[in-house]
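What follows is a short report on a single structure.
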Amino acid sequence: MRTCGVEIKGSEALICVLAKENDVFDIRDVRQTRFVLPKNDDADTIRKFQFDFAKLMQDYQVDTIAIKERQQKGKFAGSPQGFKIEAALQLINDLRVVLLNPTAMKEQLKKNPLPIDFEDTGLKKFQETAFVTAYIELTHRTYNKV
């Protein structure tokens with residue numbers, strides 16, 4: 001099982017690819033850890049963003065994308081660019097895409113705490129939420145047989 005955890009911030013998709021085989025988690029070193037959707041987000045730009053992201057998922061044999069859900073209203077609402085990114089990822093063929101609710105993520109972390117301190121992962125600080133999102137999706141799929 002390989003999952004790409006995604007945190008969408010503004011016009012960026014921050015990612016972390018995490019694999020789980022024989023109850024061992026493995027953080028995959030990938031060639032790109034963030035994707036940016038440019039401001040001139042016409043249809044061709046969005047298609048290129050989607051193609052580039054899908055190609056990375058194919059190259060690293062990722063089967064699931066887990067996206068941390070963002071608020072639609074209020075002070076911390078997601079940006080229009082972010083919702084375009086989310087839609088582009090959800091429409092990638094042959095990939096399972098799940099949206100994870102932040103509250104449910106906290107509950108899952110209580111049941112299955114991270115087995116390692118984030119500082120010991122070797123990842124960049126901006127990848128922390130993407131890492132946690134991938135971890136939660138993998139543990140949920142493993143223990144809840146989704």
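Using 0.36 nm per residue and subtracting the Cα-Cα separation, the extra length available between residue 126 and residue 52 on full extension is 24.6 nm. Take the alpha-carbon centre of region 77-146, take the same for region 7-64, and report the distance between them in whole Å. Here the two parts' Cα centres lie 12 Å apart.
Mark the label point 7 Å from the Cα of residue 43 along Cα→Cβ and return the residues of region 87-103 whose backbone N is within less than 16 Å of it. Inside the label zone: 88.
Compute the acute angle (0 to 90°) between the alpha-carbon long axis of helix 128-144 and the principal axis of greatest extent of the alpha-carbon atoms of the chain; round to the nearest 10°. The answer is roughly 60 degrees. Each label was represented as a point 7 Å from its Cα along the Cα-to-Cβ direction; for residue 63 and residue 143 these points are 2.0 nm apart. For the chain, the longest principal axis of the Cα atoms and the long axis of helix 43-59 meet at an angle of about 30 degrees. The angle separating the long axis of helix 102-111 from the principal Cα axis of greatest extent in the chain is about 20 degrees.
Values quoted throughout were computed directly from the atomic coordinates according to the rules given, and no laboratory measurement underlies them. For clarity, every value in this text was computed on a predicted model and none was experimentally measured. Reconstructed Cβ throughout: ideal geometry from the backbone, glycine too, with neighbour counts over all protein chains shown.
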